[in-house]
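So the structure is just underneath, and the comments pick up after that.
The values are calculated or read from the model by the stated rules, or taken from the named source; none is laboratory data. The structure displayed is predicted, hence computed values, not measured ones. Cβ: placed from backbone, ideal geometry, glycine included. Neighbour counts: every protein chain shown. For accessibility, only protein heavy atoms count, side chains too; no ligands or nucleic acids. Shrake-Rupley method; radii C 1.70, N 1.55, O 1.52, S 1.80 Å.
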Amino acid sequence: MKGGVSLLPLIMAAMLLPTGAAAETVATGSDDNQMLLQADEATYDVDRKVARANGHVEIDYGGRILVADQVVYDENTDKVTAEGHVSIMQANGDVAFANHVELTDRMRDGALSGFSALIGKTGRVVASTATRQTGVQTTAYNAAYTPCEICRKRGDKNPLWSVHAYRVIYDEAKHKIRFKNATVEFFGIPVLYTPYYSLSDPTVKHATGILTPEIGNSSSIGYFAKVPIYFAFSDSQDFTLTPFVTTKGGEVLEGEYRQRWNNGGMWLQASGAYNPNGGLSGTVPQGYAHVFGAGDWAIDQHWRAGYDVQLTNNDTYLKRYDISQLDRLVNDVFIEGIAGRNRFALTGYYFEGLRATDSSQLIPYALPMIEYTYMPDHKILRGQWRLDLNSVSLFRQQETPDLPNADERVTAELRYRVPLVTNNGQMITFEADARGDLYHVGHFASGVASSGKFVGRGLPYVALDWRWPFVNGGRGNAFVITPIVQAVWSPEGGHPASIPNEDSTAFEFSDQNLFTFDRLPGFDVVDTGARANIGLKANAYFSSGQVEAVLGEVLRAKPNPIFSADSGLSGTASDLVGRLSVQFLPYLDLTHRIDIDKNSGSVRRNEVFLTGIWGRSTMQVSYLNLSAQPSQGLAAREEANAQLTLGVFKYWELFGAARRDLLAGKMLDSEFGLGYEDECLGIAIAYRRRYTTDRDLPKSTAVLLRFTLKTGDEPYEPFSLFPKDVFSRP
């Protein structure tokens, strides 16, 4: 055989085997070029130089396996002919079937009749005849291809979709399937003809081509169509270009670039749009643009650098075209170093507000913010030490009545903590803290501070944390009840009028900061005076999940004037705050938070988040009830959100979502639809209604259709119903 090993020695050796030795294997050739033969019977015609193997013939050569009822090898023409139930398995796992096969060149090339093949895990092709060249390319004639299951039901021979063509060329090296004069059929019905069509085989995870299109109609932008075009540069680098055409909202062009490397990665998304029907009147031509992205680079084993970018030139652009539902954008550039338990970070921030009440010129940007933390690896004086240094410079584009247009702060804080456990299980932690702040405050428009004024502040505190867990359990269950008392003392005051409050304007008292010595989120405002945090924590642990409950409040020797009446921390006793968590994953996850007013006993805040999963069905429900907080300019709010995906039948699902303002008694958003997904087809149709207006963005109704022809086992999600932050855990 040319370039390989002749079957002749195999046939001669097989002839010497005793009768019934079909289970025996004969091998010849080197280890790298070995051929193995199994057969019930073998003969050789010396004069004609023709060898025959009959009955359960199996030949393994170079990773290719041939199985047939009969194999004939003609040494004169270097041809192997196989008859009856022929199958050929390639080294990559592809399997071809035929009634009659003629092969040459180590069984790599040849002709096949009555041809069919399995490509990857899901691809199937059938043809009347086929030829194979160079060991990697198969050409099939009068062929059909589908990635779908065939005969899923008794009597059903038509796949969900398939491609029929006069000629189909499968290139194993390039993992490409090309069709000439092709017709695409759904459920056996021709729906589309094209002279040329190509797709990647099911083994390909990243391939250049057209992705799932999305079409629909919206009352705000009219009929629209999105057709993403995907470019796969490598397994770690790709780009998606999405033309977005509308009948009333102009044209949009979106692009997204992604790249991953060993110790980092980046993505960058940008778009531009021209809308001839913009503005409140709907007649003003407007141009829009946005840039989103993030990047992270490892400089060495300790240092990394990166960025986050969120920018747009129009407040309602992102929502108008369903690019994003964010209403506050954050941009930063950073460099960070971490060595052991020590960290240094240098960061610059820029913020952009998209709400109607926001003015980006009044929102400060931080350039730079410096953070440093040093924590010794060993104990000193039997305790744990921590040093924190923090500095920030804030600037505004214009002055405000109550805040400076520029100010700088430097903070140094030293903390000492000693934990111990008594013989009877009590856990006691002593902590001492000393902190100093130095401010350089710019000009206040109201004249509170003069330009260039330096303000200093020093604040120590000592604290004691006491906990005593009581445990009971057995047979895989455990129950723990833990009373908690924290006593904190620090000097009264610490709030000079010339220090602006830049980083602690939004504060919420809850179970998450109940048991903390300094619960305020920033540096500008400090919690002072003698106080105690008291409460109870209960835990129940089971083999299938756990339940946790927390309840507590804050007691003070004197009221702290920094806390307003609606904060829940005014007076000598705070509101009662608590949380109930139930987790039996992956079926049930419940979180309930509550804040009970200390004076009236009414519920000041009530939050519930519930996730349930049962088979293919999921449910998410959230409820939020907040009383008014005039000190922060927040009105009362009561809102309910729900999202349901219901798996019906084998491949079908119903989905719906709704968001309602219970206080005003009106809907905010709603959506419902129907989806279908199997191994080769995904399709969904949805109806969406938004009941709110935002400046030049009116109420809208939309109908959306999305479908994809799957060529492998890639996942498919019909729609992202609502922004993830709508259903985030309270």
Rounded to whole Å, √(5λ) for the Cα gyration tensor eigenvalues of the range 501-569, largest first, gives 29, 15, 10
Quick calc, Arg417 & Leu326: beta-carbon distance into FRET formula, R0 41 Å, rounding 0.05, result 0.60
Honestly the range 230-362 on the Cα gyration tensor test (a ≥ b ≥ c root eigenvalues; a/c under 1.5 rounded, otherwise a/b vs b/c for prolate or oblate) is just oblate
Among Thr422, Ser324, His440, the residue whose Cα sits farthest towards the positive end of the charge dipole of the range 306-448, when +1 is placed on the Cβ of each Lys and Arg and -1 on the Cβ of each Asp and Glu, is Thr422
Rounded to the nearest 10 Å², the 1.4 Å probe accessible area of Thr422 is 40
As straight-line cross-link partners of Lys666, the qualifying lysines (C-alpha separation under 21 Å, not fewer than 8 residues apart within one chain) are Lys319, Lys699
Averaged per residue, the 1.4 Å probe accessible area of the range 32-174, protein heavy atoms only, in Å², is roughly 48
Answer in debye to the nearest 20: the dipole magnitude of the chain about its Cα centre, from +1 Lys/Arg and -1 Asp/Glu charges placed on Cβ, is 1260
Regression test value, accessible area per residue of the range 279-388, probe 1.4 Å, units Å², expected 55
The relative contact order of the range 159-277, taking Cα pairs under 8 Å that sit 6 or more residues apart, comes to a percentage of 14
As straight-line cross-link partners of Lys226, the qualifying aspartates and glutamates (C-alpha separation under 17 Å, not fewer than 8 residues apart within one chain) are Glu214, Glu251, Glu254, Glu256, Asp322, Glu717
Put His100, His85, His175, His378 in order of accessible area, largest first, probe 1.4 Å, and you get His85, His378, His175, His100
Links exceeding 19 Å between C-alpha atoms in this model, out of Lys176/Lys710; Lys79/Lys174; Lys180/Lys205; Lys121/Lys174; Lys121/Lys650, come to Lys79/Lys174; Lys180/Lys205; Lys121/Lys650
Calculating semi-axes √(5λ) of the Cα gyration tensor in Å from this structure picks out, from (1) 59, 45, 23; (2) 67, 34, 27; (3) 46, 32, 27, entry (2)
In nanometres, the difference between 0.36 nm per residue of separation and the alpha-carbon distance of Lys79 and Ser544 is 161.0 nm
Share of accessible surface on carbon and sulfur in the chain, whole %, 1.4 Å probe and ligands ignored, is 58
The rounded separation in angstrom of the Cα centers of the range 325-403 and the range 546-606 is 28
Computed over the range 487-537, protein heavy atoms only, probe 1.4 angstrom, the accessible area per residue in square angstrom equals 38
SASA check, Ile685, accessible area w/ 1.4 Å probe, all protein chains in place, rounded to nearest 10 Å², comes out at 80
